[in-house]
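Please read the structure below before turning to the comments.
The values are calculated or read from the model by the stated rules, or taken from the named source; none is laboratory data. Model, not experiment: these values are computed from the prediction. Cβ placement follows ideal geometry from the backbone for every residue including glycine, while neighbour counts extend to all protein chains displayed.
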Amino acid sequence: MKVGFIGTNEVLEIGLSKLIESRDTNNTVINLNTVNTDLPDIDLLFIDFGSDRQFATEKLAQLTINYTSTPIMLYVSEHNLKTVKQLLSLGVQSVMTYECDFDEIYESLESILKGGKVYCNKVLEVLLEDTTKENTLNCLPVQLSKREIEVLQLVVNGYSSKQIAEELFLSYHTINTHRKNILKKVGVKSVSELVLFAQSTGLMSLENT
C-alpha cells in the first residue's frame, strides 16, 4: 500500500507512517506537499483536512488532476454539517474524523482500496441529525417496492436480516434477496452508503401506507 499524504501535521504523518508500516513492511507513506512534477505512483490519497484546510484544498485540486482514479480519504478535525456536505460532494471514498482511532483508519484504507466507501459514525450522525430536522421529502431517485422500503427502513435502523425476517414474518432468504435488490437499485455497496441514501432522500420519513 502506497499512501500519498497531504497536510501540514507532521505528527499525524509520522503516526500514519508507523501505523501502516507496522501492518506490512511494504506499506509506505509518501509526502506530496511539495511534489508538483514527476508524481510518484500511489494507491490512494490521504488528505489531512483539519490542520490547514486552505492548503489541503489547493493541493487536492492540483493532485486530483493527475490522480483521477485514485481513491481519497479525507481526515477532518470538525464535523459540522456544512463541512461534511462539502466533502461528500467531492465524491471521496472515505471521510474520517480526528475522533477515529488508527485501527479504524487502517481498516478504512484497506476498504477503499477494495472499492468500498467508508464514513465514520460521527459523519453519519451529522447527516442523520440534519435529516430529522427537515419537514419535506425529496423525490426518491429509484423505484422501490413497498416491501423494499420496509426492509430498507429496518436496515437503516440497525436491524439484522434475521431480525427483519422476524419483524416482517418473512424468511431469512427472502430478506437477503430484498437487501441485494435494494443495494443494486440504489447503486451502493455498503450499509453505510445505504444510510446516507435513505437520509438524503428523506426516505426514513416515509410511511408504509
Report the residue count in segment 9-54 for those that are at pLDDT below 85, β-branched (Val, Ile, Thr) and either surrounded by 14 or more Cβ atoms within 10 Å (Cβ to Cβ) or in contact with a Leu (Cβ under 8 Å, 6 or more places away or on another chain) (or both). 1
Count - residues of segment 55-72 that are hydroxyl-bearing (Ser, Thr, Tyr), surrounded by 13 or more Cβ atoms within 10 Å (Cβ to Cβ) and outside any helix (DSSP H, G or I): 3
Which of (1) modelled with pLDDT of 85 or more; (2) surrounded by fewer than 16 Cβ atoms within 10 Å (Cβ to Cβ) is the odd one out, the single condition residue 164 does not satisfy? (2)
Determine, yes or no, whether residue 184 is surrounded by fewer than 18 Cβ atoms within 10 Å (Cβ to Cβ) and either in contact (Cβ under 8 Å) with a residue 60 or more places away in the chain or in contact with a strand residue (DSSP E or B) (Cβ under 8 Å, 6 or more places away or on another chain) (or both). no
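Per-residue answers, yes or no, for (1) in the same structural domain as residue 94 (by TED's automatic domain parsing); (2) free of Cβ contacts under 8 Å to residues at least 24 places away in the same chain; (3) under 23 Å from the mean Cα position of the chain (by Cα); (4) within 19 Å of residue 70 (Cβ to Cβ):
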residue	(1), (2), (3), (4)
10	yes, yes, no, no
18	yes, yes, no, no
23	yes, no, yes, no
33	yes, no, no, yes
40	yes, no, no, yes
